[in-house]
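The values are calculated or read from the model by the stated rules, or taken from the named source; none is laboratory data. Because the structure is a prediction, the values reported are computed rather than measured. Using ideal geometry, Cβ is built from the backbone for each residue, glycine included, and neighbour counts are taken over all protein chains shown. Heavy atoms of the whole protein, side chains included, go into the accessibility calculation; ligands, DNA and RNA do not. Shrake-Rupley method; radii C 1.70, N 1.55, O 1.52, S 1.80 Å.
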Amino acid sequence: MRVHELSAAECWEVLSRTHVGRLACARADQPYVVPISFSYDVLANCIFSFSAVGKKVDWMRENPKVCLEVEEVADRFNWTTIVVLGRYDEIGDTPDERAVRRRALELFEERSRWWFPAIAKIGSEERPAVVVYRIHVDSVSGRRTEQTDT
Ligand SMILES: Cc1cc2nc3c(=O)[nH]c(=O)nc-3n(C[C@H](O)[C@H](O)[C@H](O)COP(=O)(O)OP(=O)(O)OC[C@H]3O[C@@H](n4cnc5c(N)ncnc54)[C@H](O)[C@@H]3O)c2cc1C
């Protein structure tokens, strides 16, 4: 088995067909990682996601530098992983931001019940405050296993 590096185009292709990843953010030297659902916009080269306001949103507002890890793992010998470094950017409701928000919602709609589990907060009866955000991609890398005879 060998591990080879993916081209940027191969990384984009994996991001386009995958919708769950692990989002890492950090505050005061403390990393925090949670699984999220996302949609990759190949034209804008950014990642869109949706969240109730909670710990990760509070942390990303304070420090927008994030990392998203995406994987397709069959077993230890058959896998593809992508690592994105980028910046958190909340999409508001100004006239300028509306077109971006529409694009995000268009991509979310490709997944059934796309708002779940983002707003399924444990034990919460109230309607949570929610945000649509994007991650501007600063760099992307990918690795994939390749079978060899040895
Ligand atoms: C497949 C999948 C897809 C998901 N998609 C989304 C999505 O698109 N958007 C979204 O907002 N959320 C999604 N979630 C839920 C997400 O992982 C978080 O649980 C949720 O967003 C709350 O995160 P928070 O930082 O706001 O935590 P808060 O609700 O503020 O809670 C903070 C505390 O709860 C703990 N905690 C939070 N989440 C988890 C967790 N998943 N596992 C263990 N401990 C946890 C942390 O240790 C932290 O101290 C998804 C989860 C899964 C498994």
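Return the total of residues in the range 38-50 being within 11 Å of Leu107 (Cβ to Cβ) and surrounded by fewer than 18 Cβ atoms within 10 Å (Cβ to Cβ). I'd like the intermediate steps shown before the answer.
Taking the range 38-50 as the starting set, the residues that turn out to be within 11 Å of Leu107 (Cβ to Cβ) are 38-44, 46-50.
So of that shortlist, the ones also surrounded by fewer than 18 Cβ atoms within 10 Å (Cβ to Cβ) come out as 42-44.
Within the range 38-50, residues that are within 11 Å of Leu107 (Cβ to Cβ) and surrounded by fewer than 18 Cβ atoms within 10 Å (Cβ to Cβ) number 3.
If you go through the range 24-50 and keep only what is farther than 23 Å from Arg113 by Cβ, within 13 Å of the ligand (Cβ to nearest atom), touching a Phe, Trp or Tyr at 6+ places or on another chain (Cβ under 9 Å) and not small (Gly, Ala, Ser), you end up with Cys25, Arg27, Gln30, Tyr32.
Considering the range 1-20, and only residues there that are in contact with a Ser or Thr (Cβ under 8 Å, 6 or more places away or on another chain) and within 13 Å of the ligand (Cβ to nearest atom), the residue that is least open to solvent (accessible area, probe 1.4 Å) turns out to be His19.
Pick from Val66, Val33, Val53, Val3: which is within 15 Å of Gly142 (Cα to Cα) and in contact with a strand residue (DSSP E or B) (Cβ under 8 Å, 6 or more places away or on another chain)?
On the way: Val66 fails: within 15 Å of Gly142 (Cα to Cα); Val33 fails: within 15 Å of Gly142 (Cα to Cα); Val53 fails: within 15 Å of Gly142 (Cα to Cα).
Answer to the selection: Val3.
All conditions in (1) hydrophobic (A, V, I, L, M, F, W, C); (2) open to solvent by less than 60 Å² (accessible area, probe 1.4 Å); (3) closer than 18 Å to Arg87 by Cβ hold for Val33, with the sole exception of (2).
For Val53, the test of being of a type in the set (Val, Ile, Thr), more than 16 Å from the ligand (Cβ to nearest atom) and surrounded by fewer than 17 Cβ atoms within 10 Å (Cβ to Cβ) is failed.
Of the numbered criteria (1) among the charged types (D, E, K, R); (2) surrounded by fewer than 18 Cβ atoms within 10 Å (Cβ to Cβ); (3) in contact (Cβ under 8 Å) with a residue 60 or more places away in the chain; (4) within 18 Å of His19 (Cα to Cα), the one Glu109 fails is (3).
So that you can scan it fast, the table gives a plain yes or no per residue for (1) modelled with pLDDT of 95 or more; (2) open to solvent by less than 60 Å² (accessible area, probe 1.4 Å); (3) not in a strand (DSSP E or B):
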position: Arg87; (1), (2), (3): yes, no, no
position: Asp93; (1), (2), (3): no, no, yes
position: Val100; (1), (2), (3): yes, yes, yes
position: Glu125; (1), (2), (3): no, no, yes
position: Val137; (1), (2), (3): yes, yes, no
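When the range 59-81 is filtered for residues that are within 14 Å of the ligand (Cβ to nearest atom), within 16 Å of Pro35 (Cα to Cα) and out of contact with any helix residue (DSSP H, G or I) (no Cβ under 8 Å at 6 or more places or on another chain), the ones remaining, listed by number, are Trp59, Met60, Leu68, Glu69, Glu71.
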